[in-house]
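To start, the structure under review is shown below, and the notes come after it.
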Amino acid sequence: MFRTALRNVLAHKARLLMTVLAVMLGVAFVSGTLVFTDTFGSAYKNKSAKSFDHVSVAIKPDGGSDDGEGKRPPLTDGLLAKAKKLPGAESALGSVSGFTALADKDGKLVGGEWGTTGANFFPGKDGKDPRYDFTDGAAPKSPRDIALDSRTADRTGYKVGDTVRYSTDGPVHTAKVSGVFDTDDGSVIAGGSLVVFDNDTARKALGKKNMAYDEIDVKAAAGTSEGALKASVEKILPKDAEAETGAALKDEQDRMIEQNTSSMSQVLLIFAGIALFVGIFIIANTFTMLVAQRTKELALMRAVGASRRQVTRSVLIEAFIVGLIAAVAGFALGIGVAVGLESLMNAGGASLPDGPLVIGPTTIVTALLIGVVVTMLAAWLPGRRAAKIPPVAAMNSVHASPTTRGLVVRNTIGSLIVALGVGMMFMKDNYVKSGGAAVILVGVIVLTPLLSRPFIAAAGPLLKPFGVTGKLARLNSVRNPRRTASTASALMIGLTLITAMTVVAVSMGNAINKMATDSLKADYALSMANFQPLTPKVHDKLARLPEVEASSAMRTEDGEADGSSTQITGVDPKSFAKLVGLDFTSGSMAGLKGKAALIDKELADDQGIKTGDTVPVKFDDDDRTERLKVVGVYQQNEMINGLFTPTANVTPHMSKVVDQQVLLKMKGGTSEKAEDAVVKALGDNPAIKIQDKADISNEVGGAINMLLNMLYGLLAMAILVAVLGVINTLAMSVFERKHEIGMLRAIGLDRAKIKQMVRLESVVISLFGAVLGVGLGLFLGWIAGNSISGTVKTYTMEVPVGRIVIFLAIAAVVGVLAAVWPARSAARLNPLQAIKSE
Amino acid sequence: MTTTTSFAARATTVAARATDLSKVYGQGETQVVALDQVSVDFGQGEFTAIMGPSGSGKSTLMHCVAGLDSFSGGSVRIGETELSSLKDKQLTKLRRDKIGFIFQAFNLLPTLTALENITLPMDIAGRKPDKQWLEQVISMVGLADRLSHRPTELSGGQQQRVAVARALASRPEIIFGDEPTGNLDSRSGAEVLGFLRNSVRELGQTVVMVTHDPVAASYADRVIFLADGRIVDEMHQPTAEGVLDRMKDFDAKGRTS
């Protein structure tokens, strides 16, 4: 049996090619993902292991390095000195770090909102800090010195001796670059920037009380184990602090890296899964065809005594061989994909640590298993069909035509599934509802053959101008509805996902835009780049600017209103109405003075609060309760929610008075001049983010767009596999109809027209898949939108007509391209060969 | 009998002519000569059968004359057109406009109805079929009540009648049949041959048919016999017995040599 199967594979090389390619692409994607994440993870771990070289035991605040203000243990110089003198300790190092905004040469923030970290230079006995390896210049020694990591220096173009501006908590400082260093610091490996100050400056600037450190790292002397050192460190441990060995820290770091890489690989694997799922349609198509073409041969095997099981098995063995070849090829390609991914990400700006390619045994096994299992699974049904061929078929002289079995059973099942899905859609539960959408999707895939007829009939008028070739193309595409359907389904799945995500993304972008324009009347919103609060000085300064018409600090503090936790924001009641637009369901802004408050509708509904009620309000920072009268209830959104009250009611309850945001209304509206005035008033501070409405919606919209483009890229894989499917089907059709095509050539259809006929069939099938996909995508987008609009009030479904037209145009182009090779081979058919009876 | 004489007079004009036609496959040792300088005329309004044993070159001769196959030497004319100088596109157009075909395996398009199959050559050319003529052809082959059926719903004989109607419908200058009765039972075969003969007698059509069946050949006005790529004999107003006897000679020769 194995030999027969092998011979069959070799005999049908060309026809199995597309199947192999489809499986290969899927497997390549899977193994590429696995190799890439393994390589990436191991390189990361190696690199981070180095950064623990100087740590044998670390003294840290209890429960991680959280900066919960009250519980900060005194990791002071005194403790450091004690630690240094411990038996078995060779040296001890105090470290401190925090957000530092560094301005580049244009005054813009370096390293994005999260990436810039400031740290201390802690000289050891030899005057060096083991964490930093200076390549140029020297370590910072005075408050006027600063050192940069080498990549940041490269990126910004700063050199030793240059003067730079930075800010840690508000005021802008200048410093001279004293040196440039290399480091294995985690934040730098991850692509961030690191600046280093001298020890005292860092401790002052990074805002720690009592000049304390974040962490004290003790290095063991030769001959002392980490465990032994930890035991002695524990004796001097202050309250609220804990000691951890370097090994434990490293393990923890490794675990985090693993978590990050595995979530990344999961996302990639989902898309690989989609590509493989699409591939199943092609494989099933190919094997169905091969079985149909070999009816006689298989019947002969039955006639000479092969059992049904043997026939099925012969088809499955064939699938096994094909799957194995594809898996091996896919695996090899996957390694290339991994290398490509790495250089792609490096080119994109992320600097990934170098390391050898890691190809784990699980990767190899997974790749091979997936390739083989997917192929055999897809070939299983055709194999069973092969076994049903009666032995007498071998004797039949009639040219075996592909079976055109009734679709009654299939249509019935499909209709039932759709009905079930629709039923689920009417349920209240949101999970059941979205489950219903998925069920409908499956039902439509089952029903695709049924849908193909009306769709292609509807396309008739469009094909009319092509005359007889158009007519033949139309008739040919409905000839084998199953095959047309599975070819179109492959394309449909990709386009369904693409359309659904586009709909949601575009609608979401619009919703945010609308939210920004509706609720924000202010021209500028100011906040810290790292989402830390602003000092009240910022508002004080800006309020005095002659260009500012109205302004308010948003003094936000968490607390409880009527027992329900909420966000309490203190605002300037006089200017609030000019800065924020609220959609009141009852009451208004007019009464917002004295002990008054505005609350959002959700809070009002939850607690049964009405306008006019007086509610007790408690703040997290102290236990005193304010009693505030509700003067208005408004519809909340993602930007504006919670309780608003005059600042005077909030300030006394805060342990440290800070502002979350400052809103500004300028006299002449937004303008470059107005923005300049604001920037100047704040001393050109890179740490403070100044955004107008467009910036705010772009911030979210840009992220959505980037995500969407990434998804497009990943789904392009599924589309590519679908194209292979179209090529496959057309090639098979041409082969099957070579007699007909030969006859058409004989009676006078020229080569160009034959090509046109195949091309039109291809376009019809592609568009069928695309239209179905877009339709289902819109449907899914609508379902998703329904649950989104529950939380995002400004969300309304937006049909991205322009993009949908582009998708359909792409599908048509895909059809034309997929037809190139099959059309050429059809046109090349010699009429004589084709009409010869066998 | 005036009609008969007028057709006889027209029989002197040539519908297709092969002159020193040669067709050679392969090169050197493996070279096979399929046609060896064959010269033959097919008169207008004449029904010619080409016969010969397997491998005699009878199908090749027909394919070359019909513009389906290329040839190595000599010339072929359909009416006034010399085929050897034509490119594929022009050949295709020639086949479309001037030649009708009937194949052994019927070769109908299963997606089209009987009527659509009949008018296919004219649809391809973008011409409107001559309605009166079409009705005449359809009624002649007796398909009037089967026009909306698809080939799979027709018997073999009916399918071949559709093919005959397709060949006749566009009024080609010449119709070529490649074993048109090869896949039919004797009754259906006789019907199809009857239509072909009638089209020659009554409509003045020119028909050339390759066959290995002496009974089929007896429907023709003339039989030419091929052996080893050459025309070896010719018979006018043949009878089945006469053709059979002539064919037996080939068998005998084949056995002795």
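Values for this structure:
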| read-out | value |
| --- | --- |
| Odd one out for residue B:173 among (1) away from chain A (no Cβ under 14 Å); (2) farther than 22 Å from residue B:112 by Cα | (1) |
| Qualifying residue in the range B:45-62 (condition: at the interface with chain A (Cβ under 8 Å from one of its Cβ atoms), under 22 Å from residue B:199 (Cβ atoms) and crowded, with 18+ Cβ neighbours inside 10 Å) | no |
| Scope the range B:171-191; condition in contact with a strand residue (DSSP E or B) (Cβ under 8 Å, 6 or more places away or on another chain) and buried (at least 19 other Cβ atoms within 10 Å of the Cβ); matching residues | B:172, B:174, B:175, B:176, B:177, B:178, B:179, B:180 |
| Residue in the range B:24-33 that is exposed (fewer than 14 other Cβ atoms within 10 Å of the Cβ), within 14 Å of chain A (Cβ to nearest Cβ) and not in a loop (DSSP other than H, G, I, E, B) present | yes |
| Residue within the range A:423-434 that is out of contact with any strand residue (DSSP E or B) (no Cβ under 7 Å at 6 or more places or on another chain) and modelled with pLDDT of 85 or more present | yes |
| Residue B:19 being within 14 Å of chain A (Cβ to nearest Cβ), at pLDDT 90 or above and over 17 Å from the mean Cα position of the chain (by Cα) | no |
| Scan of the range A:435-487 for residues that are buried (at least 17 other Cβ atoms within 10 Å of the Cβ), of a type in the set (Gly, Ala, Ser) and either within 30 Å of residue A:420 (Cβ to Cβ) or away from every other protein chain (no Cβ under 14 Å) (or both), ordered by number | A:436, A:437, A:443, A:452, A:459, A:477, A:485, A:486 |
| Failed item, numbered, when residue B:86 is tested on (1) in contact with a strand residue (DSSP E or B) (Cβ under 6 Å, 6 or more places away or on another chain); (2) within 13 Å of another protein chain (Cβ to nearest Cβ) | (1) |
| Residue selected from the range B:98-131 under the condition at the interface with another protein chain (Cβ under 8 Å from one of its Cβ atoms) and among the polar types (S, T, N, Q), by the criterion surrounded by the most Cβ atoms within 10 Å (Cβ to Cβ) | B:107 |
| The lone exception for residue B:190 - which of (1) within 9 Å of another protein chain (Cβ to nearest Cβ); (2) closer than 24 Å to residue B:237 by Cβ it fails | (1) |
| Qualifying residue in the range A:73-92 (condition: at pLDDT below 85, out of contact with any helix residue (DSSP H, G or I) (no Cβ under 9 Å at 6 or more places or on another chain) and crowded, with 21+ Cβ neighbours inside 10 Å) | yes |
| Selection within the range A:256-272 - in contact (Cβ under 8 Å) with a residue 24 or more places away in the chain and farther than 13 Å from residue A:41 by Cβ | A:268, A:269, A:271, A:272 |
| Close pairs (7 angstrom Cβ cut-off, 6 or more residues apart or separate chains): farther than 21 Å from residue B:109 by Cβ in the range B:135-148, among the polar types (S, T, N, Q) and surrounded by fewer than 19 Cβ atoms within 10 Å (Cβ to Cβ) anywhere | B:140/B:198 |
| Matching option when the condition is farther than 25 Å from residue A:685 by Cβ, surrounded by fewer than 18 Cβ atoms within 10 Å (Cβ to Cβ), within 36 Å of the chain's Cα centre (by Cα) and not hydrophobic (A, V, I, L, M, F, W, C), among A:133, A:184, A:154 | A:133 |
| Residue check, residue A:561 of a type outside the set (Asp, Glu) and within 24 Å of residue A:676 (Cα to Cα) | no |
| Unmet requirement for residue A:686, which otherwise passes all of (1) out of contact with any strand residue (DSSP E or B) (no Cβ under 6 Å at 6 or more places or on another chain); (2) more than 14 Å from every other protein chain (Cβ to nearest Cβ); (3) surrounded by 15 or more Cβ atoms within 10 Å (Cβ to Cβ) | (1) |
| Enumerated helices (runs of 4 or more DSSP H) restricted to the range B:75-156, each holding at least 2 residues that are closer than 20 Å to residue B:178 by Cα | B:88-98, B:114-125 |
| Which numbered condition residue A:124 misses (of (1) surrounded by 18 or more Cβ atoms within 10 Å (Cβ to Cβ); (2) within 23 Å of residue A:217 (Cβ to Cβ); (3) not acidic (Asp, Glu)) | (1) |
| Selection from the range B:69-79 of residues that are in contact with an Asp or Glu (Cβ under 9 Å, 6 or more places away or on another chain) and farther than 14 Å from residue B:39 by Cα | B:79 |
| Test set (1) over 29 Å from residue B:194 (Cα atoms); (2) out of contact with any strand residue (DSSP E or B) (no Cβ under 8 Å at 6 or more places or on another chain) - residue B:21 fails condition number | (2) |
| Residue A:308 being surrounded by fewer than 20 Cβ atoms within 10 Å (Cβ to Cβ) and of a type in the set (D, E, K, R) | yes |
| Filter result (more than 8 Å from chain B (Cβ to nearest Cβ) and either touching a Pro at 6+ places or on another chain (Cβ under 8 Å) or free of Cβ contacts under 8 Å to residues at least 12 places away in the same chain (or both)) within the range A:749-773 | A:758, A:762 |
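Yes/no matrix, rows are residues, columns are (1) free of Cβ contacts under 8 Å to residues at least 12 places away in the same chain; (2) more than 14 Å from chain B (Cβ to nearest Cβ); (3) among the hydrophobic types (A, V, I, L, M, F, W, C); (4) surrounded by fewer than 22 Cβ atoms within 10 Å (Cβ to Cβ):
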{"position": "A:696", "(1), (2), (3), (4)": "no, yes, yes, yes"}
{"position": "A:718", "(1), (2), (3), (4)": "no, yes, yes, no"}
{"position": "A:728", "(1), (2), (3), (4)": "no, yes, no, no"}
{"position": "A:741", "(1), (2), (3), (4)": "no, no, yes, no"}
{"position": "A:747", "(1), (2), (3), (4)": "yes, no, yes, no"}
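The values are calculated or read from the model by the stated rules, or taken from the named source; none is laboratory data. As the structure is a computational prediction, the values presented were derived from the model and not from experiment. As a convention, Cβ positions derive from the backbone with ideal geometry for all residues, glycine included, and neighbour counts pool all protein chains shown.
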